[in-house]
Amino acid sequence: MRSVNARQQRKLCSVDEAHSASSPTKQLALCVAEERQRELLTLQTEKLRHQGIHMPAMALEEVHDHYVELYEFAPISYLTLSHSGMIAETNRAGARLFGISRKKLIHRCFAVFVADHDKVRWQRLFLSMIEGAGSETRCFDVMLVRGDGARINVYCICHRSTSDTSSPLLRIAMVDITQLKQAEANLRIAASAFQTQECIFITDANAVILKVNQAFTTLTGYGAEEVVGQTPRLFNSGRHDATFYAAMWESIRNAGSWAGKIWNRRKTGEIKLDWLSITAVRVGNEKGVSHYVAILTDSAIQDATSEQIEHMAFYDPLTNLPNRRLLWDRLRHAVASSARNKRHGALLFIDLDNFKTLNDTLGHDIGDLLLQQVAQRLGRCIREGDTAARLGGDEFVVMLEDLSEQLEEAGSQAEFVGKKILAALNQPYGLATYDYRCTPSIGATLFYDHSVKEDELLKRADIAMYQAKHKGRNGICFFDQAMQLALSARTALATELHIALEQNQFRLHYQMQMCRDNQVIGAEVLLRWQHPQRGLIAARDFIQLAEDTGLILPIGQWVLENACAQLKMWEANPRTKRLQLAVNVSARQFHQADFVDQVSSVLQKTRIEPNRLKLELAEHVASENIDDTLAKTQALSTIGVCITLDGFGTGKLSLAYLVKLPLAQLKIAQSFVQNIGEKAADALIVKTLINMARHLGISVMTEGVETEAQRAFLELNGCFLCQGYLFGMPAPIEVFEQCLGSA
Ligand code: C2E
Ligand code: CA
């Protein structure tokens, strides 16, 4: 074996130098090439000797050099696969194609580099080639996964070479056709995009038509063969002058496109108005234009589509009534015209009562049917020129215009329409197989000029609607200023309530609970808000708001923790260690899924005796979700907490449930107690409630006891547990403890 001569070495190096000769990959490639050349030279010499040709060493070197040039530095990748599918050899381009060094490539199975989805096809191809007879050439493409993970499409010319002595080999020439494939795919996409519903024609830079699609033939009547080679002058209707076309070309030159309506002549001679858009296709980034793409649409279709889009933007798809946007627009005009004509207008805000229940029980399809029928009925209740709109959900608004100049008369006109709507919507509805009855609540407000803004008007009608709901539904209510002021104050208070929680403005007051002989058995904990400006605010003035805003949850937790902490402190003192504290629990607080856990975790933290804590549950809260109430009260009494039914006698809790609840105490509502001596009926109720509690074996307490007479009546009838101003006002802990000392 001889080594590569100096000339070859130089040549290899010069090529490698071009690819950075110092890199380890290139050096490795050089070694492999060198080895390969040695083998080839020996083979060549052997072959020639076999043929009886004895070449001088120099001539052989020349031939060999030539071969090396052809094979080794060819831009095409060459690869030889052994009969077992191993890569036996490859040239530099081959290694580059695979993206790994030649050393790592040689002796690897070719199939390893074939993409998964192509593996089976490759295996079949390989077997049929390798197992075939004689020499054969086949072309195919295959997807490979390069060393760096990139996927490439490769075109292969595969030749089987056989010799008598050795096993068959596959010699493969490969070219990367990834970009070609991508271009092909893009062409396919472009071709299918070209065949859309839109009529398209493409011209060259001189406006000579090169290509049209099927939609073009449908619209214009011309087949491709009739128009290719012509210019769009063929469609000239004669209705546009030279300035029209000059402006069109000016726009294309400057902006690269033009769009507008144009009269065109069809093949039949008919002249039609089309919507045409022309776009210039630029050559690369340069200014020159290679083609123009024109898209034609029948303007009648275009207008219909625009109308449809407009309809969708301004009308409710379910009921076909104007939507909020259109109502808003019309309201602005109505207010302006009311200011001009000095006539009143009215907004009626209509909300269906219990619509959610219908939706939840019979499903949304039935709910939709109801909304459609309501929309139709509303339409029949108003005059032409008035508007019935759907805001969304079950909310509708009717806008009346051109009412009287006189406020009262306009009011009664609006009320008349409102009542008409009430009557219409009260009629039974046929919803699929259901006969359904539904009532609305209507809020009304009048407008006269610009003095009240449009959004404020809608808000007023909405507020009045809530008032109608509040008054028992199925009615109409007019907006009034006092109501608005009350609502604004409520909103302001809600904001302040958040701040109160953050700034620790809540306090607990304690009101004594007494038993026989003026003995204090404990207290009810009552929440107070120490407002920085308004002073001390009683619970009745903010507790409902806290409930509505959800703030009652953190507030309630705070009350519970502080009451338990107080019980803990009392444990140390023999005078107070047996006292009980009653804590009010709101509906929202009680119906939280983890309410029982919250209570027991506070008990665990403070380690107080659970039976010193009484939870006061209003009767209406207990009857809201009776299963939940049963489960929670049972769990609470299992851990030892006492449950008191607060405001007993005011709710609708049935006797059947009353006996099931694990109650420690019934607390008769103060409204009955305070009427003892004034209303015989209330005194009788108190007597009955005390008797009932006694028969049920539940302790009974009365609250709101203010006079000795009331107390005497209660004791006479067997109720010795009392609470009220007679014994003590709710007071801060220091005052309460002082009173204890003197009690
Ligand atoms: P309630 O549970 O019926 O509480 C009794 C209310 O009557 C208290 O009003 C109390 O100050 C008042 N009161 C007590 N004795 C007399 C009396 O002899 N005569 C008269 N006229 N009134 C008396 P307050 O503190 O404004 O509480 C109102 C309601 O707010 C309470 O009614 C209770 O339902 C709720 N509440 C109070 N504190 C809390 C609390 O910490 N959490 C929750 N969730 N609700 C609370
Ligand atoms: Ca209470």
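The values are calculated or read from the model by the stated rules, or taken from the named source; none is laboratory data. Being a predicted model, the structure only gives us computed values, none of them experimental. Glycine also receives a Cβ, built like all others from the backbone with ideal geometry; neighbour counts cover every protein chain displayed. The area values use the complete protein model at the heavy-atom level, side chains included, leaving out ligands, DNA and RNA. Shrake-Rupley method; radii C 1.70, N 1.55, O 1.52, S 1.80 Å.
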**OP:** Answer yes or no as to whether E184 is surrounded by fewer than 19 Cβ atoms within 10 Å (Cβ to Cβ) and free of Cβ contacts under 8 Å to residues at least 24 places away in the same chain.
**Re:** yes
Original post:
When only residues in segment 644-668 that are β-branched (V, I, T) and closer than 18 Å to R694 by Cβ count, which is nearest to ligand 2 (Cβ to nearest atom)?
Top reply: T644
Original post:
Just for segment 668-679: of the residues that are part of a helix (DSSP H, G or I) and within 11 Å of ligand 1 (Cβ to nearest atom), which one is least open to solvent (accessible area, probe 1.4 Å)?
Top reply: V673
Original post:
Within segment 299-354, which residues are within 20 Å of V417 (Cβ to Cβ), among the β-branched types (V, I, T) and within 26 Å of the chain's Cα centre (by Cα)?
Top reply: T319
Original post:
Restricting the first residue to segment 603-632 and requiring it to be basic (K, R), which pairs with a second residue that is more than 16 Å from ligand 2 (Cβ to nearest atom) meet a Cβ separation below 7 Å and a spacing of at least six or different chains?
Top reply: R612/L567; K632/F595; K632/V596
Subject >> Members of segment 626-667 that are among the hydrophobic types (A, V, I, L, M, F, W, C), within 18 Å of A593 (Cα to Cα) and exposed (fewer than 15 other Cβ atoms within 10 Å of the Cβ) >> reply: A631, I639
Original post:
Of all helices (runs of 4 or more DSSP H) completely enclosed by segment 318-386, which ones contain at least 3 residues that are within 30 Å of E405 (Cα to Cα)?
Top reply: 324-341, 364-381
Original post:
Would you pick out the residues in segment 546-595 that are farther than 16 Å from A618 by Cα, within 12 Å of ligand 1 (Cβ to nearest atom) and in contact with a His (Cβ under 9 Å, 6 or more places away or on another chain)?
Top reply: L551
Original post:
Pick from S101, S166, S135: which is under 25 Å from L70 (Cα atoms) and without any contact (Cβ under 8 Å) to a residue 12 or more places away in the chain?
Top reply: S166
**OP:** Might you let me know whether segment 545-568 holds any residue that is of a type in the set (V, I, T), assigned by TED's automatic domain parsing to the domain that holds L501 and away from ligand 2 (no atom under 16 Å from the Cβ)?
**Re:** yes
**OP:** Please specify each residue of segment 613-652 satisfying the condition of being small (G, A, S), within 16 Å of ligand 1 (Cβ to nearest atom) and either under 20 Å from L581 (Cα atoms) or in contact with a strand residue (DSSP E or B) (Cβ under 8 Å, 6 or more places away or on another chain) (or both).
**Re:** A618, A622, G647, G649, G651
Subject >> Out of D480, D541, sole residue that is within 16 Å of ligand 2 (Cβ to nearest atom), charged (D, E, K, R) and either over 25 Å from A565 (Cβ atoms) or touching a Leu at 6+ places or on another chain (Cβ under 7 Å) (or both) >> reply: D541
Subject >> D541, sole failed condition from (1) surrounded by fewer than 19 Cβ atoms within 10 Å (Cβ to Cβ); (2) within 15 Å of ligand 1 (Cβ to nearest atom); (3) within 20 Å of I639 (Cβ to Cβ) >> reply: (3)
Subject >> Those residues of segment 443-463 which are within 32 Å of the chain's Cα centre (by Cα) and aliphatic (A, V, I, L, M), in sequence order >> reply: L457, L458, A461, I463
Original post:
In this structure, does A546 turn out to be over 24 Å from T495 (Cβ atoms) and open to solvent by less than 10 Å² (accessible area, probe 1.4 Å)?
Top reply: no
Original post:
Considering L560, L508, L526, L551, which residue is in contact (Cβ under 8 Å) with a residue 60 or more places away in the chain, more than 30 Å from N717 (Cβ to Cβ), out of contact with any Ser or Thr (no Cβ under 6 Å at 6 or more places or on another chain) and surrounded by 15 or more Cβ atoms within 10 Å (Cβ to Cβ)?
Top reply: L508
Original post:
Which residues, taken from segment 690-705, are within 11 Å of ligand 1 (Cβ to nearest atom) and within 54 Å of the chain's Cα centre (by Cα)?
Top reply: T702, E703, G704
**OP:** Could you list all residues from segment 688-710 that are closer than 17 Å to A618 by Cβ and of a type in the set (V, I, T)?
**Re:** I698, V700, T702
Subject >> Pairs with Cβ under 6 Å, 6+ apart, first in segment 582-600 and closer than 24 Å to Y510 by Cβ, second away from ligand 1 (no atom under 13 Å from the Cβ) and open to solvent by 50 Å² or more (accessible area, probe 1.4 Å) >> reply: S600/I639
Subject >> Hits in segment 495-504 - residues which are open to solvent by less than 20 Å² (accessible area, probe 1.4 Å) and either out of contact with any Ser or Thr (no Cβ under 7 Å at 6 or more places or on another chain) or among the small types (G, A, S) (or both) >> reply: A500
Original post:
If you check A205 against the conditions, is it within 40 Å of the chain's Cα centre (by Cα) and open to solvent by less than 70 Å² (accessible area, probe 1.4 Å)?
Top reply: no
**OP:** Output the residue which, of all residues in segment 706-728 that are in contact with a strand residue (DSSP E or B) (Cβ under 7 Å, 6 or more places away or on another chain) and within 13 Å of ligand 1 (Cβ to nearest atom), is nearest to N691 (Cα to Cα).
**Re:** L714
